[in-house]
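The values are calculated or read from the model by the stated rules, or taken from the named source; none is laboratory data. Everything numeric in this text was worked out from a predicted model, so none of it was measured. Cβ sites come from the backbone with ideal geometry, for glycine too, and all protein chains shown count toward neighbours. Calculation scope for accessible area: heavy atoms of the full protein, side chains included, ligands and nucleic acids excluded. Shrake-Rupley method; radii C 1.70, N 1.55, O 1.52, S 1.80 Å.
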Amino acid sequence: MAKFKEHIRRRLLAAAPRITAMAVAVLSLCVVSSALITTVNTVQVQDSDGMVCTVMTAVTHHEDLLELAGMEMEENDSTSMEKAEDGTLVLSLQRAFPVDVTADGKQYQADISEGTVKDVLERTGIVLGENDYTTPKLNVPVEQGMAVQVHRVTYEDHVETETVPFETEYRDETEGAQGKYTHEVLLSSGKDGKTNVTYRQKFIDGVYDSTQVVNREVIEEAVPKVYRRYKTNAVSPLQPPEGITVVNNVPSSYSTVYTMKATGYSSRGGRGASGLGLYYGTFACDPTLIPYGTKVYITSEDGRFVYGWAIATDTGAFIHTNRMQVDLYYETYAESAANGVKTVKVYIP
């Protein structure tokens, strides 16, 4: 029995190198098989023309995959690779297609498989100006059947001199003031201004599109018309002749003063016998005594009635019976009647 055990031991020792070599070989085969399994991919190759082919390979280079699938990539074609949810790789071959471009009245064509409208223009050599644009826009991805239109934009400027109407301003002094009449007196006449306006006309492909104002340059400033609004007991709004003031209802300078009878009248007519207008501050008289156009100051002696500065513009029917009479103009008959007959002093500068 001992001899048998010794025999078995010696046989195992002699066979150990071969067993070890065999184990190493099996292990190596397992590693290689595992590597092959992990590096071989299922690739679905799709041609945009409709052809589809599936290959099992460890190759990943696009052109090699196309060759395995029996497909050939041509000029301007493009490829892209993505992984499906099941782990399959999908290689897409996009065939180039023509895109028509219209620019400057000419037709162009670019073969392209990917990119944007901007890439199409680069391939046709078309250059956009600063204001030019395209439809579709430059950043729109290309697609089959697309047509691109290049729009040339130009501008033309022209200058027009325009009138700027003057404004009317009022210097209101009526708040808290006393007086029966509210008058407006012209302090300064208005004057229109002038402005050079630059208009810019926009043309798209030579066709008028729109106009906008791009600049205004004032040549002459407008001067406002200014009125003074005030209250007073004087009926007339007329101002004294230059250099004359009125103190206590007496002008600072006058050549003649008449004591006269004053009546009141109104008229729908716009002009008196002199051809001059009829308005607050005009009166009728004997023109041989007070010539037409003469400006006088009219007030009662006690100052309770003040007609104010007035201009002779009309002739009264009373001149044949009483030359020392004036007929004062009012805007309404009721007002003329309410003022009645008075004795007044007429100061002539």
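Things to note:
- Within the set [x] 118, 29, 15; [y] 27, 24, 20; [z] 39, 23, 17, the number that semi-axes √(5λ) of the Cα gyration tensor in Å takes when calculated for this structure is listed as [x].
- In straight-distance terms, cross-link reach from LYS231 covers every one of the lysines whose alpha-carbon lies under 21 Å from its own, apart from those fewer than eight places away in the same chain; here that gives LYS180.
- The local environment of VAL159, defined by Cβ-Cβ distances under 14 Å, has a net charge of -2 under the rule Lys, Arg +1 and Asp, Glu -1.
- Phi angles of region 288-299 translate, via the Karplus equation with coefficients 6.51, -1.76, 1.60 and θ = phi - 60°, into HN-Hα couplings of 7, 9, 10, x, 4, x, 6, 9, 10, 10, 10, 7 Hz per residue; Gly and Pro are given as x.
- Share of pairwise Cα separations in region 163-216, more than 14 Å, in percent: 72
- For the chain, the relative contact order is 11 percent, taking Cα pairs closer than 8 Å that sit 6 or more residues apart in sequence and dividing their mean separation by the residue count.
- Only Lys, Arg, Asp and Glu carry charge here, each on its Cβ (+1 for the first two, -1 for the last two); on that basis the chain has a dipole of about 1840 debye about its Cα centre.
- Listed residues MET146, PRO136, GLY275: farthest to the positive end of the dipole of the chain (Cβ charges): GLY275
- Residue (of VAL127, PHE166, ALA177) at the positive-pole extreme of the chain, dipole from beta-carbon charges: ALA177
- Among ASP111, ASP49, ASP157: highest mean-square fluctuation, GNM of the chain, C-alpha pairs under 10 Å: ASP49
- Taking all Cα pairs closer than 8 Å and separated by 6 or more residues, the relative contact order of region 174-259 comes to 37 percent.
- 3J(HN,Hα) along region 108-121, derived from phi through the Karplus expression 6.51 cos²θ - 1.76 cosθ + 1.60 where θ = phi - 60°, amounts to 10, 9, 10, 8, 8, 10, 7, x, 10, 4, 4, 5, 4, 5 Hz, with x in place of Gly and Pro.
- DSSP-defined antiparallel bridges as percent of all bridges, the chain, nearest 5: 75
- For the chain, calculated [θ]222 nm from helices alone, where every DSSP H run of n ≥ 4 adds -39500 (n - 2.57): -5500 deg cm²/dmol
- 12 Å beta-carbon shell around GLU169, net charge (K/R +1, D/E -1): +1
- Note, ³J(HN,Hα) from phi for region 96-104, Karplus 6.51, -1.76, 1.60, rounded to Hz, x at Gly and Pro: 5, 9, x, 10, 7, 10, 10, 8, 6
- Highest mobility in the GNM of the chain, judged by mean-square fluctuation with C-alpha springs under 10 Å and restricted to ALA310, ALA96, ALA337, is found for ALA337.
- Computed about the Cα centre, the dipole magnitude for region 199-349 is approximately 320 debye when only Lys and Arg (+1) and Asp and Glu (-1) carry charge, each at its Cβ.
- Based on protein heavy atoms only, the chain ends up with 63 Å² per residue of surface accessible to a 1.4 Å probe.
- On Cα atoms only, tilt of 2-39 relative to the major axis of the chain in degrees: 30
- Computed in the context of the full set of protein chains, the accessible area of the chain at 1.4 Å probe radius has 51% of its extent on carbon or sulfur.
- Within a Gaussian network of the chain (alpha carbon springs, distance under 10 Å), most fluctuating of THR182, THR161, THR42: THR42
- Alpha-carbon centroids, region 96-145 and region 162-213: separation in whole Å: 51
- Computed about its Cα centre, the charge dipole of region 61-147 is approximately 400 debye, with only Lys, Arg, Asp and Glu carrying charge at their Cβ.
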